[in-house]
Structure formats: structure tokens, C-alpha cells
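Below: one structure, written as C-alpha cells.
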Amino acid sequence: TNGRTYYYQLIASNMLGYGRKSEVVFTTPFGLPSPPRNIEAISGNEYVLISWDHPEDDGGSKITDYKLYRIDENQITTEHEFPPSSTYFNDTSVVNGISYTYYLTSINIISEGGRSEEIIATPMSIPSSPLNSELIPGDGFIKIMWNAPSNDGGGELLEYRIYKGETPNEMEPY
């Protein structure tokens, strides 16, 4: 069993019997650690917060590091290494609207273990205001026209809301 110390002695024999026992030797077998668990991502304006739980199995040897891999839309991989006490990383080197794939590995004295499940995150912000608003009055109606915001926040625009009022301080959703 990995992580458990085993002791050994050897003895030789011939036709006359057994000789003396060798000195005691011992060793502890180690294996690769399992990957970190429960990977989660929270996206925001120009950041992705990645969190994880420690692996179920350290392979019989304490975890020495975690390695986080980030793959962007151009398949460029970025690596970050963290001490064994770490359970989160706030990635602020991201661009709104670009999807990033993340996965983690655990490292012990033997080597780097297998990959965690992948998680995809897309940082976003709120959109800027619509541009070039224009009102065209007609007979009993007002035609409202505008252009899309210059910044969609990194995501698809879902709707526009129009507010109407008789004064700028008394506007309500229309």
C-alpha cells in the first residue's frame, strides 16, 4: 500500500541450514497523487476565480504543489504553480468575452498526477450604454432608434429596455 512503510530482512540457506539474518532494510512505496477535486470557476469583469479541493489520494507522499493549466481560444497554454495549502487562484490576466479552459494536477515527490476535470469560464462585464439614441416624433407615436453599445461586456446582448417619463427624474420601464 502506498504511503505505508515496510521492513525486510533476508536469510540464506544451504544443505546445513539457515545463516544469519541480514540487517533490516525498509522502504515506503509511493504513487502518483489523484487530481484535485470539485473544480469551480466564477467569472467576472476581467477575472476568473478558480477554486478546488485537495485530492482524495496523495499517492502516499505529501502533495508538494498544484499546477493550474489555462488554455485560451488560440490553444495557448499558460501554467501556474501553487503551494500545497492553496485552494484557489484569481486569474486577472484574462480578457472579457474570451473563453478559457482550466484544469489542475497534484504533484508529490514522485511526479505530477493525472488531470482534473476541465472547466470553461468566460469573463464578462455589463455592456456600455447604447449609442446614438434618436427620437423621431410622428402623429401619435415616437419612433426610437439607437445603435448597439460600443462594448457588449464580452457576452451576447440579450435585450434592450426602454424607460419613459414626463421628466428625467420620473422615468419608468416602458
Fill in the blank from the handout: Of the accessible area of segment 84-155, computed with a 1.4 Å probe and all protein chains kept, carbon and sulfur make up a percent value of 56 percent
Problem - Loop sites in segment 140-174: GluC sites (Glu not before Pro), DSSP, at most 12 other Cβ within 10 Å - result: Glu156, Glu159, Glu166
Practice task
Set Lys and Arg Cβ to +1 and Asp and Glu Cβ to -1, take the dipole of the chain about its Cα centre, and tell me which of Ile110, Ser13, Ser34 lies farthest positive.
Solution key: Ser13
Practice task
Work through the residues other than Ile98 whose Cβ is under 9 Å from its Cβ and net out their charges, Lys, Arg +1 and Asp, Glu -1.
Solution key: -2
Exercise for the section: Calculate the length of the line joining the C-alpha centroid of segment 101-123 to that of segment 150-174, in whole Å. Expected result: 41 Å
Completion exercise
The size of the Cβ-based charge dipole (Lys, Arg +1; Asp, Glu -1) of the chain about the Cα centre, to the nearest 20 debye, is 1160 debye
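The values are calculated or read from the model by the stated rules, or taken from the named source; none is laboratory data. This structure is a prediction, so every number in the text was calculated from the model and none was measured. Ideal geometry is used to build each Cβ from the backbone, glycine not excepted, and the neighbour counts take in all protein chains shown. Surface areas here come from the heavy atoms of the whole protein model, side chains and all, with no ligands, DNA or RNA. Shrake-Rupley method; radii C 1.70, N 1.55, O 1.52, S 1.80 Å.
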